[in-house]
Amino acid sequence: MQTDEIYRCDGCGTEYRVAGDGRPTVLCSECKQVASPRGDPVAVREYRVGHVTYLEGRRRTTEALGRFESGHLTLARGGFNDAAGEFETSVDHFTTAVKRAEGDGVADACERARKKATCLWQAVEWLGGSTYASEQGDMTRATQYRNDAQQRLRSAKEYGDLPDPEALLD
């Protein structure tokens, strides 16, 4: 399938229209910096990858919370660490999607997703710390970390549900 995409130089901002298949490396003729693809379809592709990793982070968080509540602290900590990695990856993809988006609607949705995933990433980091502190018998610190995590979870709720990637271009 032949595509026609806009690439913008990451250095000087010069735009290039590239037709063809694949993802070429476009070197700016003005400043010799690499140009990156831009536009809402590109942003949605990046958002889609972030969305998948975000959902996996949510799944791992739910699983880790179950282990935490049942007293399996070491397994819970591992699950929180895994979830943190998924959220970190999703934040990277959502950040790239924001940079690539051209339309306000797509950019706003990607930015809300980035902020929500960041809050959840921070929350699972705190929850992992809470499990470690609990394992060490430091219940004061464990409670403090758990409270910090709950605050980040409340903040995440303020961003609402993430839209399905297919809905972004409607």
Given the options Val106, Val98, Val124, name the one that is open to solvent by less than 60 Å² (accessible area, probe 1.4 Å) and touching a Phe, Trp or Tyr at 6+ places or on another chain (Cβ under 7 Å).
Val124
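Please state which one of Ala117, Ala84 is open to solvent by less than 50 Å² (accessible area, probe 1.4 Å), in a helix (DSSP H, G or I), in contact with an Asp or Glu (Cβ under 7 Å, 6 or more places away or on another chain) and at pLDDT 95 or above. First the steps, then the outcome.
Working: Ala117 fails: in contact with an Asp or Glu (Cβ under 7 Å, 6 or more places away or on another chain).
Just a single option satisfies the conditions, and that option is Ala84.
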Could you give me the residue pairs with C-beta distances under 6 Å whose first residue belongs to the stretch 127-139 and is more than 15 Å from Gly71 (Cβ to Cβ) and in a helix (DSSP H, G or I), whose second residue is open to solvent by less than 20 Å² (accessible area, probe 1.4 Å) and among the aromatic types (Phe, Trp, Tyr) wherever it lies, and which are 6+ apart or on separate chains?
Gly128/Phe80
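Going by what's in this entry, would Arg38 be described as among the basic types (Lys, Arg) and touching a strand residue (DSSP E or B) at 6+ places or on another chain (Cβ under 6 Å)?
On the way: among the basic types (Lys, Arg): yes; touching a strand residue (DSSP E or B) at 6+ places or on another chain (Cβ under 6 Å): yes.
Yes: the conditions hold for Arg38.
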Looking at (1) within 29 Å of Asp170 (Cβ to Cβ); (2) surrounded by fewer than 20 Cβ atoms within 10 Å (Cβ to Cβ), which is the one condition that is false for Gly66?
(1)
It is to be established whether one or more residues within the stretch 36-51 are in contact with a Phe, Trp or Tyr (Cβ under 8 Å, 6 or more places away or on another chain), modelled with pLDDT under 95 and not charged (D, E, K, R).
yes
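Residues in the stretch 11-44 that are at negative phi and open to solvent by 80 Å² or more (accessible area, probe 1.4 Å): how many?
Going residue by residue through the stretch 11-44, those that are at negative phi are 11-12, 14-19, 21, 23-31, 33-38, 40-44.
Filter once more, keeping what is open to solvent by 80 Å² or more (accessible area, probe 1.4 Å): 15, 17, 21, 23, 25, 27, 30, 33.
Of the residues in that region, 8 qualify.
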Checking the structure you have, find out if any residue of the stretch 140-163 is assigned to a loop (DSSP other than H, G, I, E, B), under 24 Å from Arg45 (Cβ atoms), of a type outside the set (S, T, N, Q) and touching a His at 6+ places or on another chain (Cβ under 8 Å).
yes
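The values are calculated or read from the model by the stated rules, or taken from the named source; none is laboratory data. Just so we're clear, the structure is a prediction, and the values are computed from it rather than from any experiment. Cβ coordinates were reconstructed from backbone atoms using ideal geometry, including for glycine residues, and neighbour counts include every protein chain displayed. The area values use the complete protein model at the heavy-atom level, side chains included, leaving out ligands, DNA and RNA. Shrake-Rupley method; radii C 1.70, N 1.55, O 1.52, S 1.80 Å.
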